[in-house]
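Have a look at the structure below, then the notes.
Throughout, read-outs are computed from the coordinates displayed, never taken from laboratory work. Keep in mind that what you see is a predicted model, and the values were worked out from it rather than measured. Because the Cβ atoms are built from the backbone with ideal geometry, glycine has one as well, and the counts that use them run over all protein chains shown.
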Amino acid sequence: MASTPAVVVLLFALSLSGIQFSTSQVLKAKVSCLDCTAHYDFSGIKVLVKCANVKKLATTTTKSKGSFEVELPSGNSKAETPLNCLAKLIGGTSQIYATRKNMVSRIVKTKDSSSYTISTPLAFSTAFPEGQLKGGIGESKTVDLPLPREWGLAPSSYYVPFFPIIGIP
């Protein structure tokens, strides 16, 4: 067993040289629901992670309790500290509704600095929030001009308005 001391010396030399082995930086967080029952199944909700100056995206799917874990994308092969990373709700197995404020969260280091988490909760609703339609925003109204029935045309709301250009000065 003459090779065992050589392996120990080699590993000791590598640790002194400052070469880092691949250490992954993991985001651990949880999504929440604003109007769900206590036994709601959160599995299947997709979360996207994007870091500034990094072309790669990371996606993950939540587990039944809403927790998720994903390795943060890095710009190169070295494990560098991710800067300006965001997590975003992108959908689920059923229709979910989220406001812009609850849909995106900044990623921050945890207190023990061994992993990352989200700064604000990623929250959604299963029912459309009625209070979001203030001032008519998001509502569509059709204009239906009265057409004589004997013309046999469909209601005017079925046609796309078209205004031809008469001339270009």
Hey, can you grab everything whose amide H is under 5 Å from the amide H of residue 91? Only 5+ residues off in sequence or another chain; H modelled, so Pro and N-termini drop out.
46
Which residues' amide hydrogens lie under 5 Å from the amide hydrogen of residue 29, considering only partners 5 or more residues apart or on another chain, with H built in the peptide plane?
68
Once the Cα gyration tensor of region 23-128 is found, what semi-axes does its equivalent ellipsoid get, as square roots of 5 times the eigenvalues, in whole Å, sorted largest first?
25, 13, 12
By per-residue mean of other Cβ atoms within 10 Å, what is the highest-first order of 52-58, 91-97?
91-97, 52-58
Counting DSSP beta bridges in region 23-128, what percent are antiparallel, to the nearest 5?
85
